[in-house]
1. Using only the alpha-carbon atoms, how far is helix 268-279 inclined from the longest principal axis of the chain? Give it as 0 to 90 degrees, nearest 10.
2. Output the 0 to 90 degree angle, nearest 10, between the alpha-carbon long axis of helix 131-142 and the longest principal axis computed from the alpha carbons of the chain.
3. Quick one: angle between helix 161-174 and the longest Cα principal axis of the chain, in degrees between 0 and 90, rounded to 10, please.
4. In nanometres, what is the gap between the two model label sites at Asp55 and Glu212, each 7 Å from Cα along Cα-to-Cβ?
5. Taking R0 as 35 Å, what FRET efficiency do you get between Asp177 and Lys14 from their Cβ-Cβ distance, rounded to the nearest 0.05?
6. Report the Cα-based extents of the chain along its three principal axes, largest first, to the nearest Å.
7. Evaluate the relative contact order of the chain (contact order divided by residue number), counting alpha-carbon pairs under 8 angstrom at least 6 apart; express in whole percent.
8. Describe numerically, in nm with one decimal, the distance between label points set 7 Å from Cα along Cα→Cβ at Met261 and at Arg116.
Amino acid sequence: MNALEIRGLRKERKGFTLEGLDLTLPGGCIMGLIGENGAGKSTTIRLLLEMIRKDSGEVAFFGTPQREYLARHTHELGIVLDEVGISGCLKAAQVERIMAAAYPNWDSAEFAKLVRKLDIPTDKVFSKLSRGNQMKLGLAVALSHHAKLLILDEATNGLDPVVREDVVELIRDFVTDEEHAVLISSHIVSDLEKICDYIAFLHRGQLLLCEEKDRLYEDYTLIRVSAEELQKLDGSAVLGSRVTPYGAEAIVRADALRTDMETFKVDIEQLFITMVKEER
């Protein structure tokens, strides 16, 4: 079953429009939302949670229409937004007691384990924690009530590389259950490239691309050739190129290349930047 289905989601605000977004997130998968600041990532997530009202479109969670699902099954969502939303006067133990009363499936042992694993200080109130530790506490809460769908908006923001790796591992473990899924946005594209099954590129409110990550590696590739060889390629197959006195580098559609050409794996960040420049 699909964990999330979005059809024609649209929101117009002053100076910005999210244009008819269509996305499908299957169960057991992780989808990464990639986009520059202002691309529409946080707007999309807030629309899914009905924090802001959509102009049009349909959303379903696990086959249930959005409004019905949020009214009856919000406890099945693990949510960490850019602003974590925990009261600044609370310590971790107090957060645990409040969440235990709020969630029917709260797991105190799991929360304690995550607090230890993520090395979250337990002697400080939330407002005195670093940005990274605030995000870690939010993640510990989201992962401690047996949610089925994690919705994470810049959840690795503010974390050092070692802790980000711990978080990536937790997210991977979460989707070993095929009834679970994750929607995660991040400007740290390397984190998403490590864990995501699907990648969605948002740019200025428009969906440039949504595809399986492995399919992107098959469809697009990097080549390093002479400027003369680059000129011989079909121009419509070249997404972007850079020519120097020493040669040319280009991201191209793999099906347009000669079989004897040497190719290199394109990374997702390169591909996104190239597609955004092409769109401009």
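Read the figures in this text as sums done on the coordinates, not as results from a lab. Keep in mind that what you see is a predicted model, and the values were worked out from it rather than measured. Virtual Cβ from ideal backbone geometry, glycine too; neighbours counted across all protein chains shown.
1. So the inclination is approximately 70 degrees.
2. 70 degrees
3. Roughly 80 degrees between the two axes.
4. Using points 7 Å along Cα→Cβ, the separation is 3.5 nm.
5. Details: r = 41 Å, r/R0 = 1.18.
Approximately 0.25, to the nearest 0.05.
6. 67, 41, 37
7. Working: 509 pairs, mean separation 60.2, N = 280.
With pairs under 8 Å counted, the relative contact order is 22 percent.
8. 5.5 nm
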